[in-house]
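Structure, as structure tokens:
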Amino acid sequence: MAQLAIKGGKPLLGGSTIGQSWPIYDDSDRQALIRALESGKWCSVWHKRQADSEVGKFEIAFAQYQGSEYGCAVTNGTTAIEIALRAGGIQPGDEVIVPAPSFIATAMAVSYVVAIPVFVDVDPETYTLSPESAESAITDWTRAIIPVHLGGYPADMEAICRVANRHDLLVIEDCAHVHGTIWDGHKFPVADMGTFSFQAGKTLTAGEGGMVLTNSRELAAKIHSLSTHGRLEGHPFYEHHLVGTNLRMSEFQGAVLLSQFARFDEQIKHRDANALYLSEALQQIPGVRAMERDERLTQWGFYYWTFKFLPEVWEGITRDQFLAAAKAEGLPIGSGGHIDPMYLNPMYTESQTPYRKHDCPNCEYAWKNEALSFPHATFLGPQEDMDLILAVFQKIWDNRDELRS
Ligand SMILES: Cc1ncc(COP(=O)(O)O)c(C=O)c1O
């Protein structure tokens with residue numbers, strides 16, 4: 001009789017779910033929305049903001065939490081990258097180095113401002129931008145690097161900033177996954193600018209939303225101005241100084257983000273405690289392992305938790321067969337989040353959109369053979385949920401001959 005659910009056996013999880021459904025909300029979010037509604041001020045233009053503006057308060061609270069001087073709220077995480085590139089002076093035809101794997105927004109924002117994304121490889125352990133690969137891709141036309149803290153695991157910012165300093169490059173950190181992560185006592189960004197997303201799946205969300213954080217007063221003023229039709233502080237409202245656009249976050253989004261923010265830090269700690277328990281226990285299960293966690297990573301505010309399938313241990317069973325078997329048992333497991341190379345998208349392969357790519361063997365290996373992940377909400381339940389994950393993995397291992405057949 002079949003044991004594994006994928007072969008017709010009984011799914012180990014039955015109908016039970018792991019973690020929590022996302023997003024989480026309660027009456028405090030409802031009240032926040034009513035507060036914004038009844039204020040009668042639904043729009044917030046940065047230099048005309050009232051002291052009680054929802055967006056203004058959220059900018060200050062989030063920037064302070066992440067350890068940055070200035071927060072510039074915008075419509076989403078993609079426009080945050082676009083406006084950071086514009087504020088940083090990136091011009092059409094400039095080259096911008098990006099890691100091969102990420103959500104397409106990282107590269108698309110570069111193409112959208114008519115610059116040229118240059119795809120480079122990642123570190124084989126953390127799947128974040130390889131400083132060596134980045135340095136080897138620099139040409140006379142390179143102007144910026146966008147490291148991505150993929151899944152919330154920090155890119156090697158010390159080495160990346162050293163490369164950037166040597167070649168006088170702007171560094172914009174794509175922080176869409178890294179809210180709340182603490183590395184060596186600090187949060188992110190650490191470079192010129194960091195861009196965040198508050199889209200529905202993110203660990204802090206209002207359905208949509210974004211922010212650029214920076215310690216530069218000049219860059220913050222420029223981003224604020226560019227995102228509200230080039231207005232300038234101290235000048236008449238209908239006087240426009242820069243070619244900008246409208247990327248303003250609404251007061252409703254600001255209100256929801258503020259109320260979500262009240263439970264955010266506790267959620268990060270809850271997830272990370274479960275993830276640490278799972279990492280430790282995974283050592284007892286053959287054929288899968290947690291990502292090696294640097295001791296400087298004292299709080300991992302992951303968007304998804306990435307770990308590794310070890311093909312050599314499974315003797316003929318592939319990562320995708322394992323993945324299908326784990327899904328059939330009822331696990332909310334995926335193949336490593338945004339580990340697929342962005343350069344394989346039709347916008348690059350089937351159109352004239354200019355780009356350059358270096359060899360990316362680490363990214364391609366992880367994408368095809370190795371990377372596995374769970375979404376962050378998997379870790380918001382009790383510790384017993386982690387035991388269920390372990391039980392599924394053990395079941396697949398014990399029945400590997402059946403899987404192979
Ligand atoms: C790495 C990364 N960068 C940027 C974005 C873009 O954010 P948004 O969806 O808010 O535009 C995302 C969104 O998923 C992302 O994962």
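The values are calculated or read from the model by the stated rules, or taken from the named source; none is laboratory data. Nothing here was measured: the structure is a model prediction, and the numbers come from that model. Here the Cβ is made from the backbone with ideal geometry for all residues, glycine too, and neighbour counts use every protein chain on show. Please note that ligands, DNA and RNA were not included when accessible areas were found on the heavy atoms of the full protein model with its side chains. Shrake-Rupley method; radii C 1.70, N 1.55, O 1.52, S 1.80 Å.
Here R289 fulfils each of the conditions (1) assigned to a helix (DSSP H, G or I); (2) open to solvent by 40 Å² or more (accessible area, probe 1.4 Å); (3) not aromatic (F, W, Y) apart from (1). Just one of the listed residues (G330, G336) is in a loop (DSSP other than H, G, I, E, B) and modelled with pLDDT under 95, namely G336.
Filter the range 144-170 down to the residues that are in a loop (DSSP other than H, G, I, E, B) and of a type in the set (A, V, I, L, M), then identify the one that is surrounded by the fewest Cβ atoms within 10 Å (Cβ to Cβ). The extreme case among them is L169. Could you give every pair whose Cβ atoms fall below 9 Å, whose first residue belongs to the range 111-132 and is in the same structural domain as P346 (by TED's automatic domain parsing), and whose second residue is open to solvent by less than 20 Å² (accessible area, probe 1.4 Å), counting only separations of at least 6 or pairs across chains? The qualifying pairs do not exist here. Only one entry of L390, L372 meets the criterion of being part of a strand (DSSP E or B), more than 26 Å from V110 (Cβ to Cβ) and either modelled with pLDDT under 95 or not charged (D, E, K, R) (or both), and that entry is L372. Within the range 164-186, residues that are more than 21 Å from I97 (Cβ to Cβ) and assigned by TED's automatic domain parsing to the domain that holds H149 have Cβ atoms under 6 Å from residues that are outside any loop (DSSP other than H, G, I, E, B) and open to solvent by 10 Å² or more (accessible area, probe 1.4 Å) in these pairs: I182/T298; I182/Q299, counting only partners at least 6 apart in sequence or on another chain.
Can you pull out every residue in the range 252-285 that is assigned to a loop (DSSP other than H, G, I, E, B), open to solvent by 40 Å² or more (accessible area, probe 1.4 Å) and in contact (Cβ under 8 Å) with a residue 12 or more places away in the chain? Before the answer, list the steps.
Initially, the range 252-285 is screened for residues assigned to a loop (DSSP other than H, G, I, E, B), giving 283-285.
Now drop any that are not open to solvent by 40 Å² or more (accessible area, probe 1.4 Å), which leaves 283-284.
Result: Q284, single match.
Residues in the range 101-117 that are over 14 Å from the mean Cα position of the chain (by Cα), open to solvent by less than 10 Å² (accessible area, probe 1.4 Å) and more than 9 Å from the ligand (Cβ to nearest atom): V110, V113, A115, P117.
Of the listed requirements (1) open to solvent by less than 10 Å² (accessible area, probe 1.4 Å); (2) within 14 Å of the ligand (Cβ to nearest atom), T78 misses just one: (1).
Kindly evaluate V45 against the criterion of being surrounded by 21 or more Cβ atoms within 10 Å (Cβ to Cβ) and either without any contact (Cβ under 8 Å) to a residue 60 or more places away in the chain or among the hydrophobic types (A, V, I, L, M, F, W, C) (or both). Against the criterion (surrounded by 21 or more Cβ atoms within 10 Å (Cβ to Cβ) and either without any contact (Cβ under 8 Å) to a residue 60 or more places away in the chain or among the hydrophobic types (A, V, I, L, M, F, W, C) (or both)), V45 does not qualify. Scanning the range 192-251 for residues that are part of a helix (DSSP H, G or I) and in contact with a strand residue (DSSP E or B) (Cβ under 8 Å, 6 or more places away or on another chain), we see that the one that is farthest from the ligand (Cβ to nearest atom) is R217. Evaluated against (1) within 14 Å of the ligand (Cβ to nearest atom); (2) over 20 Å from the mean Cα position of the chain (by Cα), L129 falls short on exactly one condition, (2). Residues in the range 295-309 that are open to solvent by 30 Å² or more (accessible area, probe 1.4 Å), in contact (Cβ under 8 Å) with a residue 40 or more places away in the chain and outside any strand (DSSP E or B): R296, Y303.
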